[in-house]
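Read the figures in this text as sums done on the coordinates, not as results from a lab. On a predicted model such as this, the values are computed, not experimentally measured, just so you know. Here Cβ is always computed from backbone atoms with ideal geometry, including for glycine, and neighbour counts include all displayed protein chains.
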Amino acid sequence: MTLNSLPILSILIWTPIIGGIWALIAGDRQEQTVKYFSFAVAVITFIFSVILYCQFDPTYAGMQFIEETDWITAFNIKYHLGVDGIALPLILLTTFTTILVILAAWEVIEKHISYYMCAFLILTGLMNGVFLALDAILFYVYWEAMLIPMFLIIGIWGGPNRVYATIKFFLYTFLGSVFMLVAFLYLYSVAGSFNIEALQQVPLTLTAQKLIFVAFFLAFAVKIPMWPVHTWLPDAHVEAPTGGSVVLAAIMLKMGGYGFLRFSLPVTPDASLYFSDAMIVLSLIAIVYIGFVALVQEDMKKLIAYSSISHMGFVTLGFFIPFSIVAATGASAGAIMGMEGAMMQMISHGFISAAMFLCVGVMYDRMHSRMIKDYGGVVNTMPYFAAFMMLFAMANAGLPGTSGFVGEFLVILSSFKASFWIAFTAALTLILGAAYTLWMYKRVVFGEVTKDSVAELKDINGREAFILFLLAVVVLTFGIWPAPIFEIMHVTIEQLIEHVLQPKIL
Amino acid sequence: MNNMEQIYIAIVLAPLIGSLIAGLFGKFIGRSGAHWVTIIGVAISSILSMVAFKHHMFDGAAIYNQTLYTWLSSGGVDFKIGFLIDPLSVTMMVVVTFVSWMIHIYTIGYMHDDPGYQRFFSYISLFTFAMLMLVMSNNFLQLFFGWEAVGLVSYLLIGFWYKKETAIFANMKAFLVNRVGDFGFLLGIAAVLMTFNTLDYAEIFANASQYADATIIIFNGEPWSLMTVICICLFIGAMGKSAQVPLHVWLPDSMEGPTPISALIHAATMVTAGIFMVSRMSPLFELSETALSFILVIGSITALFMGLLGLVQNDIKRVVAYSTLSQLGYMTVALGASAYAAAMFHLVTHAFFKALLFLGAGAVIIVVHHEQDMRKMGGLYKVMPITWLTCLFGTLALIGFPGTSGFFSKDAIIEAVHHSTLAGSGFAYFSVVAGVFITALYSFRLFFMTFHGNQRMDVETWKHLHEAPPVVTVPLIVLAIPSVILGAFLIGPMLFGDYFGNAIYVSAAGGHDVLAVMGEDYHGIGGFLLHSIKHPMVLLLMSSGIFVAWLCYIKFPDIPAKLVSKIGFIYKILLNKYGFDDFNQAVFAKGSRGIGQFLWQVGDINIIDGFFVNGTARSVRVFSSVVRHVQSGYLYHYAFAMIIGLLVLLAVFVHGV
């Protein structure tokens, strides 16, 4: 059997799931074995995603590596997988993040580490499933199933207020996705299929499109999250263990963005156009309003959570700015830049938010506090850590040379074509992002040591340094040379924009 | 050409490699390893820059404009990293690397006892790299990269002594104020991209004139000149980096950093990036007289009013810092008057004499045991003859004493503004002329208070005073030479000759080309000197500045105190720096936190969560009692139940519909 004939997408989904089930069975009796085993599974999954990347044809716009089997024939539901230039970067992000999360848990998680590993491995498989599913019901199953491990991660390994947070998290996301299911069912009644590519082609009346758009919006806007349905995120982050926060910020938020690209825009292009101004306004509110809110946070995790929401504002702005650009200039040239910038913002935010949450985790493991006021002068006792955190803080503030710059830069450049004021408002993040990130950094890391607990801090160990080093390499590499990511997604995004700009009103 | 490309790459990479080695392996290579590796790196860079300079300026090499690699391409635009080497950039390269080299050497002496020795060398070499990327760029993207990267290093270096509360406040302030400038700069770049669909200088400049009359709608229905919008946005970036009013507030505070970087970054090189940028963009700025007038006025305000603040400061470094602000104002005025070459000329001479003055101030500071208050100095000329003499040369150059470098460059600016016909040029002329008196006054106030008069330090300090070590004095001497003589050599070719070639463009129409007008009367440096003697107003102002300084600080040292009691009101305004800092603290810093608290407490917590979410959540309390079983430890039972539940639901759904 050659490499090419392997069902590589299924492997990406089921390797971690099966690994996770084994970890569950092995249980707490064999903690060491389970840890190494889980790490091996994560690495193997990552290697498969790299193989996928190597074999991926970046010149082809459609789905590749398609796998299609009947699942529930009565309703034409299929086990149907495929990957394109939008899904591939997200798959790589997912498998890479899993390695970090497993390593980050190594000595830190004290209770039921096997179950912890199990939850994360299964979560990885399900998240890969979300990005790879080409059948709406299959997508929905992965989408909902994914909530369970996350729910457990926060509910079991979380902080003191975890019950409130998990319920808020569950309710928000679950309520949102119920409407998505209804939309799928309606689309099935029209198209006679749950095939996502077919749904993208099916003509719909404008009213139907608007309703479907709203249903999708409830699912995806909650997930990404957009203002004003964002308040679950800071609570979930605060209560989640470090690994949970990392996955939540790095990958789960991206599912909202992915949903917009995979469903909202192509299935309801005319409604997207109709609602685009509102979406842009909501995005700008997220960027500015949340930027101000982040400024006054006293809990580091909350601050980073709010910063994530603000950064995600650039994603939704980039997704919906094409309509305004076309309206203003009559050409779609700048539109592609905005959308690719938004994609890049998603990828980059995956790395940077993961790094920021890991940094907070490193400090939390030592001090058992996330409060800014409990720190001060950390650089004196943890100089290596401070250097890493400086890099990630700057990346979070969008400094050129880090990946955090690329997406924001492109989105601002392209939104200028739509309107001076959109670019103006979005560019405020340059000031706000630097203000909340550096002010936190100043209060936590710089200064004289005034607290005994800080004076006793030990600098990062080899394992922590390795994790942060990996992220630093990625953040700098894609800041200095982002072209490879763009090469993967060019043709897919071009085709998507072309499709979205075609009216498909019935 | 190919080996020139390798030279350019080596110029950029040598300091970067030095920085990485010193930064990452500082512990292993030790202190001397760190300074050797970085000094060698920047020395290579400097020598090769001189080779490149000779290649372009003497051997007449063609302009080099090549791409290194494509950063990314999106939507039909290729964002590239590449070099444009022409007279403008090669001049900046020589100045930056040479001053940086001298400051690297000086640092060995200045930072001798500092525990962060290796880190410091790593940072200043990194700065050199970033600054080179900025000046060598052939496109806006890389310019912005370098622009922000020098800002980052400046941030790191101002906060170098991270335990000092004032230092870590100052570095954040510097970064944020610069970000305000960058905000405008980024919008300017976006406007450029929208207009030209490329960020490549050469293409943009070639097509710029087509858009001279283009407009853009910003406020409802009111068309604005596109070029004015672009230029003002770009200039806002320059206002941040080159510390023009009202974005100047970070520069005096940046003096919290170690003195070598005050010399390198906050006087000689980084702060002139804005001046360089506007000169580079001359083909764009020439298309908007509105923008030029704006620049002229901002520059004049900075030149005059920031100089005044230098009169009341007692911290030796802060006096030099306000002097830097004022001199940057002079350069900006020159830009506004379309005398880009004069701005660049002053940039070059200023880089040398201001670096010299800062290093001289630093030499004094170490000798008097890190005392920066001039009221505790005095009489130092006896013990520090080399420092005294070099500082005298630096001071003379700064005030524009006839024959020194500063004289030629500053007089050229004053003359250029005199010829300018733009709106605001009258005020600008008044400012730069009045500025001469003020410059002479604060400069000699500093000089007299530090080196002459009574020894005001305590006896113990006085006993141990000595001349600074050679690693400090040699850079002073090396910098003193160009501070004195360089101007005489450069004025002819740079202002009136073909020095910059096509690198700077001045429109022939509308009386823009003031330097050409001056050039008609220019007959060598002798004539230039003679001209200023025949029209002695500037010289008289300068001399009276020195005289007043002598009266107040040598002859009758109690005059200043009496004056203060007479005009206490004005003194207070000056001490409060016109209230900019208080205003920013009260309005921007406090205001933003207020908005943040309001949006968080009222918007998120009360309205969204309190009203919408918790209404739902109350009904969930029932649910939560069920969920508590999660904590019972039967995790996998629960998980299993959930997954099975989901599958059952799905099955029911599938078969039941």
* Nitroxide proxy distance, nm - points 7 Å out along Cα→Cβ at residue B:547 and residue B:222 -> 5.0 nm
* Structure fact -> Taking r as the C-beta separation of residue B:25 and residue B:376 and R0 as 51 Å, the FRET efficiency to the nearest 0.05 is 0.80
* How big is the charge dipole of the protein assembly as shown about its Cα centre, in debye rounded to the nearest 20, if each Lys and Arg gets +1 on its Cβ and each Asp and Glu gets -1 on its Cβ? -> 2620 debye
* DSSP H helices in chain A with Cα extent of 30 Å or more along the helix axis and mean Kyte-Doolittle hydropathy at least -0.5? -> A:31-55, A:162-191, A:269-295, A:300-329, A:333-367
* Asked: Expressed as a whole number of Å, what is the distance separating the alpha-carbon centroids of region B:183-221 and region A:153-227?
  -> 41 Å
* Around residue B:215, which amide H atoms from residues at least 5 apart in sequence, or from another chain, sit under 5 Å from its own amide H, with H modelled in the peptide plane? -> B:226
* Round to the nearest 10 and give me the degree value, 0 to 90, for the angle of helix B:226-241's Cα axis relative to the longest principal axis of chain B. => 80 degrees
* **Footprinting exposure proxy for A:369, B:431 (fewest neighbouring C-beta atoms within 10 Å first)** => A:369, B:431
* Asked: Within straight cross-link reach of residue A:210, meaning Cα distance under 18 Å, which lysines are found once same-chain residues fewer than 8 apart are removed?
  -> A:504
* Show the residues, 5+ positions off or on another chain, whose built amide H is closer than 5 Å to the amide H of residue B:72. => B:79
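At a Förster distance of 35 Å, what's the computed FRET efficiency of residue B:464 paired with residue B:571, Cβ-Cβ distance as r, to 0.05? It would help to have the intermediate numbers written out before the result.
On the way: r = 35 Å, r/R0 = 1.00.
Given R0 = 35 Å and the Cβ-Cβ separation, E is 0.50.
Just rank A:14, A:143, fewest to most, by other beta-carbon atoms within 10 angstrom. Mind showing how you got there, number by number?
Details: A:14 16, A:143 23.
Exposure proxy ranking, most exposed first: A:14, A:143.
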* Asked: What average number of partner chain Cβ atoms lie no more than 10 Å from the Cβ of the residues making up A:396-405?
  -> 4
* Cβ crowding within 10 Å averaged over residues, with A:197-208, A:178-189, B:521-532, B:280-291 ranked highest first -> B:280-291, A:178-189, A:197-208, B:521-532
* So what's the angle, to the nearest 10 degrees on a 0 to 90 scale, between helix B:635-656 and the longest Cα principal axis of chain B? -> 70 degrees
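In deg cm²/dmol, rounded to 500, what helix-only [θ] at 222 nm does the protein assembly as shown give when every DSSP H run of at least 4 residues adds -39500 (n - 2.57) and the total is split over its residues?
On the way: 53 runs with 810 residues, N = 1163.
It comes out at -23000 deg cm²/dmol, rounded to the nearest 500.
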* Structure fact -> Applying the gyration tensor rule to the Cα atoms of region A:239-311 (axes a ≥ b ≥ c; rounded if a/c under 1.5, else prolate if a/b exceeds b/c, else oblate), the class is oblate
* To do: Would you work out if the protein assembly as shown is rounded, prolate or oblate? Take a ≥ b ≥ c from the square roots of the eigenvalues of the alpha-carbon gyration tensor; rounded if a/c is under 1.5, else prolate when a/b is larger than b/c, oblate otherwise.
  => prolate
* Could you state the number of Å between the C-alpha centres of region B:341-405 and region B:481-527? -> 27 Å
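Quick check on my link table: of B:376/B:572; B:376/B:555; A:417/A:442; A:417/B:577; A:111/A:458; A:302/B:241, which ones sit more than 29 Å apart, alpha carbon to alpha carbon? Don't skip to the end; give the middle numbers.
On the way: B:376/B:572 22 Å; B:376/B:555 18 Å; A:417/A:442 36 Å; A:417/B:577 40 Å; A:111/A:458 23 Å; A:302/B:241 32 Å.
Pairs exceeding 29 Å: A:417/A:442; A:417/B:577; A:302/B:241.
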* What nm distance separates the two modelled labels at residue B:163 and residue A:453, each placed 7 Å from Cα along Cα→Cβ? -> 2.3 nm
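Please order B:275, A:21 by the number of other Cβ within 10 Å, starting at the fewest. Numbers along the way, then the final one.
Working: B:275 26, A:21 15.
Going from least to most buried by this count: A:21, B:275.
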* Structure fact -> Residue span residue A:499 to residue A:384: 0.36 nm per residue of separation minus Cα-Cα distance leaves a gain in nm of 36.5 nm
* Structure fact -> Under the rule rounded for a/c under 1.5, else prolate if a/b exceeds b/c, else oblate, using alpha carbon gyration tensor axes a ≥ b ≥ c, chain A is classed as oblate
* Mind pulling the angle between the C-alpha long axis of helix B:140-158 and the longest principal axis of chain B? Nearest 10 degrees, somewhere in 0 to 90. => 80 degrees
* Gap separating the Cα centres of region B:70-122 and region A:407-447, nearest whole Å -> 25 Å
* If the cut-off is 15 Å between C-alpha atoms, which aspartates and glutamates fall inside it for residue A:223, apart from same-chain ones fewer than 8 positions away? -> A:144, A:235
* To do: Among DSSP beta bridges lying fully in the protein assembly as shown, give the percent that are antiparallel, nearest 5.
  => 95 percent
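Mind checking B:590-601 for the average number of partner chain beta-carbons within 10 Å of each residue's beta-carbon?
Details: counts 0, 0, 8, 5, 2, 7, 13, 4, 3, 9, 11, 2.
The shielding value for this peptide is 5.
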* So how much slack lies between residue B:7 and residue B:73, counting 0.36 nm per residue of separation and subtracting their Cα-Cα distance, in nm? -> 21.1 nm
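Per residue of A:289-300, how many C-beta atoms from partner chains lie within 10 Å of its own C-beta, taken as a mean? Show your work: numbers first, answer last.
Working: counts 6, 5, 4, 10, 10, 2, 7, 10, 2, 0, 0, 0.
Shielding by partners across A:289-300 averages 5.
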